[in-house]
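S.K.: Supplied in structure tokens, the structure appears directly below.
Throughout, read-outs are computed from the coordinates displayed, never taken from laboratory work. Keep in mind it's a predicted model, so treat the numbers as computed, not measured. Heads up, the Cβs are rebuilt from the backbone with ideal geometry, glycines too, and the neighbour counts pull from every protein chain shown.
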Amino acid sequence: MFNKHVLSAAAALVVGAALSAPAAAQVSINGGVQGRFGHLTRSGDTAPGFNNSVNSVDGLFVLFFNATKDLKGGYNAGFSCVTVATTVDGANAGFTGEALPVRHDWDKFFAGNDNWSQSQGGFASYGDVQGDSKGVLCNDEVSGFLATPFGKFSAGHIMNPLRNLYDTFTVNPVWANQRGYYMMADVRGNALRYSNEWGGFGLEVQINTASDAKAPEPGSHEGWALTAVGTYDFGNGWGIGGGLMEAHGDFTNKYVTAQDPNRHTAYGFAAKGRIGPVTLGYTTMGGKNVPSKEFGSSYGTDFVKEYDHTVKVGYDIGQWNFQGFVQREYFAASTGQWGGMYHDTRAGSAVPAFGRIKIDRTRLDLWALYDMGKDVKTYLRLDTITKKFSSPDQPLFEAKMRATKLEGGWLINF
């Protein structure tokens with residue numbers, strides 16, 4: 001399940017603070033469930049046999065469990081547990097590794113795979129990329145915290161705060177589509193977070209450290225990730241935010257397949273506003289990876305470089321809510337000189353290999369939601385994703401693939 005060091009750290013923080021003064025406990029449990037029924041079609045330059053369509057049933061379940069004790073004098077102690085089970089989201093399901101027009105010798109991440117499901121539609125199967133498949137309870141986050149007049153201190157397995165730029169500014173109703181975050185800043189591991197607010201300004205600083213003794217040597221700078229995110233709420237639905245992350249060592253393994261530690265950086269900016277019934281949101285995130293010195297004279301070359309732009313427009317009218325999302329993503333990887341090659345899956349047995357790739361990804365995601373009351377909504381959704389693959393090493397290589405998902409369902413919060 002989850003790391004025992006997370007539990008011991010969280011328990012020590014909670015118990016130690018709770019014993020310091022008389023306390024009254026407060027417990028809250030809430031969550032949500034979604035049912036999704038849809039039809040997925042794939043078209044374009046897919047791998048042979050995958051220019052097809054399929055019907056699907058998908059879903060999502062999330063449970064938030066929080067407990068706090070009032071220690072008086074502005075102090076509180078407690079813990080937070082987030083449990084998630086979900087299947088692949090929308091048109092992402094079309095981009096399985098087998099369907100892609102390219103494959104990579106190292107990992108599906110480098111080939112542009114969107115569908116990280118671990119089984120044929122098994123509930124909770126999408127958790128491989130989200131970290132939601134590590135147990136049946138508290139698989140997404142678990143932490144203990146101590147809130148003081150000087151800020152809140154949390155310790156445990158905590159989501160990277162760069163995700164807040166999407167959650168606060170441009171998240172969609174599925175709560176699982178923070179594309180830039182998952183691609184560039186989804187580092188998972190034990191962490192210590194400090195958060196505070198001053199008026200409309202909020203600050204979150206988090207450090208992830210190695211939890212399984214894989215750091216190369218004591219006192220080295222490897223094996224950690226440091227992130228800082230700041231937001232400002234102007235009121236009336238307007239706000240801005242920004243953040244920066246730098247990771248070393250094990251926390252870059254998702255982004256570079258190599259034995260020695262590497263360096264990964266990511267940054268983000270977001271803004272939102274509201275004009276009458278119209279809400280607007282924008283989040284951008286960029287990232288790059290620099291290979292370690294083991295790669296010789298090429299040290300300093302961008303190994304992976306990418307960025308994502310997400311624009312959200314919402315409109316409320318009576319019990320109806322309409323939301324539209326446009327995403328534009330660019331991904332480039334230079335892996336060939338280190339032995340990681342790309343292959344054209346459409347070329348049969350004579351598969352040409354090349355070492356650099358560019359992937360342009362465009363998404364249009366449209367929602368129409370109807371509020372039935374008592375935190376129950378039904379919806380219709382049209383989601384389409386197009387990817388264009390090209391390579392500087394193969395001027396004649398170009399592939400364009402599209403996946404479109406039409407679905408309906410319900411969302412229930414409790």
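S.K.: Hey, with R₀ at 45 Å, roughly what FRET efficiency would ASP107 and TRP320 work out to, going by the Cβ-Cβ distance, to 0.05?
M.R.: Values: r = 42 Å, r/R0 = 0.94.
Calculated value: 0.60.
S.K.: Shifting gears a bit: Expressed in nm to one decimal, what extension gain is obtained for the pair PHE150 and VAL27 from 0.36 nm per residue of sequence separation less their Cα-Cα distance?
M.R.: Details: separation 123, 0.36 × 123 = 44.28 nm, distance 2.35 nm.
Roughly 41.9 nm would be gained on extension.
S.K.: Separate question: Quick check on the exposure proxy: order TRP410, TRP320, TRP224 from fewest to most C-beta atoms within 10 angstrom.
M.R.: Fewest to most other Cβ atoms nearby, the residues stand as TRP320, TRP410, TRP224.
S.K.: Still on this structure: Considering amide H positions built from the backbone, and no H for Pro or chain starts, which residues 5 or more places from GLU141, or on another chain, come under 5 Å of its amide H?
M.R.: Hits under the 5 Å cutoff: VAL82.
S.K.: In nanometres, what is the gap between the two model label sites at TYR330 and VAL376, each 7 Å from Cα along Cα-to-Cβ?
M.R.: Spacing of the two 7 Å Cα→Cβ label points: 4.7 nm.
S.K.: Also: How far is it, in nm, from the label point at LEU406 to the one at ASN236 when both lie 7 Å from their Cα along the line to the Cβ?
M.R.: Those two pseudo-labels are separated by 4.2 nm.
S.K.: Now for a separate question. Longer than 28 Å from Cα to Cα, which of LYS305/LYS388; LYS108/LYS152; LYS108/LYS272; LYS312/LYS377; LYS305/LYS387; LYS272/LYS358 are they? Say none if no pair is. Could the numbers behind the result be given before it?
M.R.: Numbers: LYS305/LYS388 16 Å; LYS108/LYS152 38 Å; LYS108/LYS272 33 Å; LYS312/LYS377 20 Å; LYS305/LYS387 17 Å; LYS272/LYS358 30 Å.
Pairs exceeding 28 Å: LYS108/LYS152; LYS108/LYS272; LYS272/LYS358.
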